[in-house]
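Novice: Here's a structure for you.
The values are calculated or read from the model by the stated rules, or taken from the named source; none is laboratory data. Treat the numbers as computed from the prediction; the structure is a model and nothing was measured. Here Cβ is always computed from backbone atoms with ideal geometry, including for glycine, and neighbour counts include all displayed protein chains.
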Amino acid sequence: MILKGSQRGSGQNLAVHLMRMDDNEHVSLHELRGFASDTLQGAFKEAEAISLGTKCRQYLFSLSLNPPEGAQVDIAAFRAAIEQAEQRLGLDGQPRAIVFHEKEGRRHAHCVWSRIDADTMKARPLPFFKRQLTDLSRDLYLDHGWKLPRGLQPSGGRSPENFSLAEWQQAKRSGIDPRWTRQAVQEAWHSSDNARSFDQALQERGFFLARGDKRGFVVLDHRGEVQSLPRVLDLKSKAVRDRLGDGEDLPSVADTQKRIGERMTPALRQHIAESRTRFSDRSARLGAEKEAMTRAHRKARLEQDERQKRLWEQETRDRAARLPKGLQGLWHRLTGKYTQIRKANEAEALQSRAELAAEREALIAAQQAVRARLQEDFKELRRAQAEELRGLRGDIGRYLRLSGQRREGPLAQSQADLLPSESAFIG
């Protein structure tokens, strides 16, 4: 599973984030170890109070554990991974909290340790923790027989889904899935061998080149959002220049953005709005189905919890009734029969607890399977939308190139060179 860790302070903000129900369909506080409080907020307040006796400001270490898509990982496997991480990072014995989240039919976990050693009043050092977590993540993939993602393979290849926060936020602002942007630009790159053919290939996919102020070659989308071409291609700048030249003949970003605004027609805006509205309606229906499913699943878990609690209380009373009292109890203690009954009760309690936990895991697994099927509908909707919009980008790009070629004169030729950029308005 993928492990991501960070040192941090602001324990109360972290507690609120981990217990948010709007971002997750199910949230479970699984464990609080080494704290007096029985709430996450209270536990992190304790950690913060202890840290005030030190100079440490990042008094917590937060770790997220994400299994690969499609893998069914039980709580015991998560706990085993947490224990390994704790040992490798040198956080053994430190107070910790474990929270489980479920979303889109998948379960992931968060573990947060206090870094402050109460005996020494010093923060536990965490040298090279990213490397330690990467090594452990690779070991977990191999131990479970999961296919290694490119980012964990010995070659060090980067997974196309491992985007930086800035890349992801930029894609959300523009309404484009970054995976499709990268795929389209990389397809254009692999199908071309020089600057001219690459420019044409980009235009067919609704993107176009420009000359960046500081970043050399850049690629723009329909809203004028700028991305570094070497970064999108995962190449060194020198490799890009070797194929495309110095790019001095390309228009600047400002000129290109101006032309995009001038050439964007109301008709194209209407086509975009209609396409997005159609997919938005379908997405809203799936969203309503997801909300209804989440409510039903939460209700089922609550009912199971209440039923198991009643059963456990009844079994506890029954076991207590087996222990004799008074003179009979004294006689049983003398003969050793009392100890036998008590041990039998303890064994039965352990067995019952294990059966109840297994029953709960079975319910969770069944609900996750149902939720995963709904998530496939979400994925298919996104795929269909992306496929349709990619086709529209190419169609509009070709139309604008043809319309630009009908003009005459140097100015018209300059406009024709930029017209294909407007195809990127389909997002």
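Novice: Are any residues in the stretch 270-327 touching a His at 6+ places or on another chain (Cβ under 9 Å) and either in contact (Cβ under 8 Å) with a residue 24 or more places away in the chain or assigned to a helix (DSSP H, G or I) (or both), and if so, which ones?
Specialist: Listed by number, the residues that qualify are ILE272, THR294, HIS297, ARG298, ARG301.
Novice: Quick one: would you say ALA362 is over 29 Å from LYS290 (Cβ atoms) and at pLDDT 90 or above?
Specialist: Criteria not met by ALA362.
Novice: Can you tell me which residue is nearest to ILE98 (Cα to Cα) among those in the stretch 54-63 that are touching a strand residue (DSSP E or B) at 6+ places or on another chain (Cβ under 8 Å) and surrounded by fewer than 18 Cβ atoms within 10 Å (Cβ to Cβ)? Outline the logic, then answer.
Specialist: At the first step, the residues of the stretch 54-63 found to be touching a strand residue (DSSP E or B) at 6+ places or on another chain (Cβ under 8 Å) are 54, 56, 58-63.
Okay, now just the ones that are also surrounded by fewer than 18 Cβ atoms within 10 Å (Cβ to Cβ), so 54, 58.
Numbers: THR54: 25, GLN58: 19 Å.
In this case the residue turns out to be GLN58.
Novice: Something else: Suppose we filter GLN94, GLN132, GLN87 for residues that are assigned to a helix (DSSP H, G or I), over 23 Å from the mean Cα position of the chain (by Cα) and not basic (Lys, Arg); which single one remains? If you could, list the steps in order and put the result at the bottom.
Specialist: Details: GLN94 fails: assigned to a helix (DSSP H, G or I); GLN132 fails: over 23 Å from the mean Cα position of the chain (by Cα).
Testing whether each residue is assigned to a helix (DSSP H, G or I), over 23 Å from the mean Cα position of the chain (by Cα) and not basic (Lys, Arg) leaves just GLN87.
Novice: Can you list the helices (runs of 4 or more DSSP H) lying wholly within the stretch 188-263 that have 1 or more residues being at pLDDT below 80 and surrounded by fewer than 18 Cβ atoms within 10 Å (Cβ to Cβ)? Let's see the steps before the verdict.
Specialist: Details: elements: 195-204, 229-233, 237-244, 253-263.
Output list reads 253-263.
Novice: Next up: Determine the pairs where a residue that is surrounded by fewer than 19 Cβ atoms within 10 Å (Cβ to Cβ), located within the stretch 125-142, has a partner that is modelled with pLDDT under 90 and not charged (D, E, K, R) with Cβ atoms under 8 Å apart, the partner being 6 or more residues away or on another chain.
Specialist: Listed by first residue and then by second, the contacts come to THR134/LEU152; ARG138/LEU148; ARG138/LEU152; LEU142/LEU148.
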